[in-house]
Amino acid sequence: KRLAGVRARERLGAGLFAEIDGHEVRIGNVQGVGCLAEWASEGAEELARHGRTPVLLTVDGRVELLLGLGDPLRPDAQDTLLRLVDLGYDLAVLSGDHPATVEALVRQTGVEFVLALGGVTPEQKLEYVEQWVKERPVVMVGDGVNDAAALSAASVGVAVHGGAEASLQAADVFATRPGLTPVWRLIEGSRRSLGVVRRNLVFSLVYNAVGATLALAGVLNPLIAALLMPLSSLTVVTSSFRSRSFKT
């Protein structure tokens, strides 16, 4: 039937809260619901151990429904994470999901993480990222509303395909394709671009230093030096054009 007089609100990292026909209804995670009956608490733990995120429906504080939601590990996840580790990156997971769910997910990847935390609020994610940024560059990858603040605070924020609007607005980069492979290609391409920039800088410095030395020594007359000067810029532009950094 059609419900009248519904007043609903969302609390980040907790779930949805509404008043329906005089009853308080909540749909959210364990942290958002609060104190649970024994059967609900045990059921939530069991779901989390199997890699599912427990979602509860309560009416006037009583649990009426317990669901386990989850997504399978993406096929490219393990390969992408291993490549990042090989490049020397430290990996960390900050998730609002149940800690046992995060632990099960990390086990599936077979990759070593320096930190893997569940039950993390949006505020806590922001605190972690702000602390890390003080020590080193940080790449934050996220797709939810809860990630928006942390994405904005990171050195580079990456919003993935299918993410919430808030995360897209907060991120510096948007991956238009699903999976983690675009994240790897972004990092790989960025490193390659930095290498091209450094190479061009070294070439320009050496070229100009040699040219200036020859001109001062009288080996090159001013006209030839003036003609050779644009050649440096042309060489740099050609080198950059031929060195495609990002694969499509």
Mind giving me the FRET efficiency for Gln169 and Glu46? R0 is 41 Å, r the Cβ-Cβ distance, nearest 0.05 is fine. 0.65
Would you calculate the separation in nanometres between label points at Val206 and Val219, each defined as 7 Å from the Cα along the Cα-to-beta-carbon direction? 1.5
Can you give the FRET efficiency to the nearest 0.05 for Thr121 and Leu234, using r as the Cβ-Cβ distance and R₀ = 41 Å? 0.15
Can you tell me how region 193-242 classifies by the Cα gyration tensor, rounded, prolate or oblate, using a/c under 1.5 as the rounded cut? oblate
Quick one: if the Förster radius is 41 Å, what FRET efficiency do Glu103 and Leu194 give, using the C-beta to C-beta distance and rounding to 0.05? 0.70
Between Thr53 and residues 5 or more places away or on another chain, the pairs with built amide H atoms under 5 Å apart involve Leu69, Gly70
Which value in nm describes the separation of the simple spin-label points at Thr176 and Ala226, placed 7 Å from the Cα toward the beta carbon? 4.6
Using label points projected 7 Å from each Cα along Cα→Cβ, tell me how many nm separate Leu82 and Glu64, to one decimal. 4.8
Using only the Cα atoms of region 77-184, build the gyration tensor, take square roots of its eigenvalues as a ≥ b ≥ c, and label the shape rounded, prolate or oblate: rounded if a/c is under 1.5, else prolate if a/b is larger than b/c, else oblate. rounded
For the chain, evaluate the Debye formula with one uniform point scatterer on each Cα (no solvent term) and list log10 I(q)/I(0) at q = 0.13, 0.16 Å⁻¹, rounded to two decimals. -0.92, -1.19
Using the Cα centre as the reference, give the magnitude of the dipole from point charges on the C-beta atoms of the chain (Lys, Arg: +1; Asp, Glu: -1; all else neutral), rounded to the nearest 20 debye. 1380
For the chain, what proportion of DSSP beta bridges, expressed in % and rounded to the nearest 5, is antiparallel? 70
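No value in this document is a laboratory result; all are computed from the given coordinates. Treat the numbers as computed from the prediction; the structure is a model and nothing was measured. Counting neighbours? That spans all protein chains shown, and the Cβs are built from the backbone with ideal geometry, glycine included.
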